[in-house]
There are 2 protein chains.
Amino acid sequence: MQRTLSPVTYSNQEEAVAGIAKALSHPVRVKILKLLAGESCCFTGELTEVIPMAQSTISQHLKALLEAGLIQGEIDPPKVKYCINRENWKIAQALFEGFFSQGHATAGCDC
Amino acid sequence: MQRTLSPVTYSNQEEAVAGIAKALSHPVRVKILKLLAGESCCFTGELTEVIPMAQSTISQHLKALLEAGLIQGEIDPPKVKYCINRENWKIAQALFEGFFSQGHATAGCDC
DNA sequence: TTAGTTCATCGTAAATATACGATCAAGAAA
DNA sequence: TTTCTTGATCGTATATTTACGATGAACTAA
């Protein structure tokens, strides 16, 4: 994985899409987001009961979603409430909307 | 990474979103898709000239995009033309549209 | 204070992903 | 035929991801 060639540069859009996509690239994280987005908004460690995975593993996935900005947590001792970060969610939505709407290009394609 | 707990099950939507997201989770693949989606539709190995990466590496990324169904290739000896797979692109677009439109849930959230 | 609950973090093992050069296969051109 | 071009695949080194159990930190309840 050592890069010997000149480094590739990416646009902000490319980095942003890839970043959000990476957060969504594991089914359990998609599932968590679905749970949080659903009626059971502001879930907490009940995730551990719904998803048969070690608590530490779920915490790790939550961290990934946090760092991607897709969720936010609020400490409510001794628990922690997680929920969708609506603002960033909208941004991500618009980002992907823009990205996918690119793909309906024009003529020129004879594949 | 050994799973000792009972296996987690995922819905088709969860798997599908994660699968497409994984394909989009590397900026160079996003870049490639943008190039293919753009005016330079049906690009080929000119990718190697635009993106300073080893030819084998680019081929590897193309393979990932192929397997995700986002692009398709047509052999045009001695070259290969790649372009967006419009049908699957639409499907992916709808998939993410549906996924992201979930996140604007109702009340109940006091985060 | 002591014990219990909740969740993050640490340490670690195994699996995947990423990048490269080298090689191989298919076909075009000589 | 031989040679060249194009692009896939192989082999490999390193980095990252994923999963777990164990431990630690913060706070509540006895």
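Worth a mention:
- Condition check for residue B:54: within 15 Å of DNA strand C (Cβ to nearest atom) and under 13 Å from the mean Cα position of the chain (by Cα): no
- The selection criterion, being among the small types (Gly, Ala, Ser) and either touching a Ser or Thr at 6+ places or on another chain (Cβ under 8 Å) or within 30 Å of residue A:53 (Cβ to Cβ) (or both), holds for residue B:25.
- Residues located in segment B:25-47, provided they are near DNA strand C (Cβ under 10 Å from one of its atoms) and either over 10 Å from the mean Cα position of the chain (by Cα) or not charged (D, E, K, R) (or both): B:25, B:26, B:27, B:28
- Residue match in segment B:39-52 (condition: more than 13 Å from DNA strand D (Cβ to nearest atom) and touching a strand residue (DSSP E or B) at 6+ places or on another chain (Cβ under 7 Å)): yes
- Given (1) away from DNA strand C (no atom under 14 Å from the Cβ); (2) touching a residue at least 24 places away in the same chain (Cβ under 8 Å), number of the condition residue A:94 does not satisfy: (2)
No lab work stands behind these numbers, since they all come straight from the coordinates. Source: prediction; values computed, not measured. Quick reminder, even Gly has a Cβ in these numbers, built from the backbone with ideal geometry, and neighbours come from all protein chains shown.
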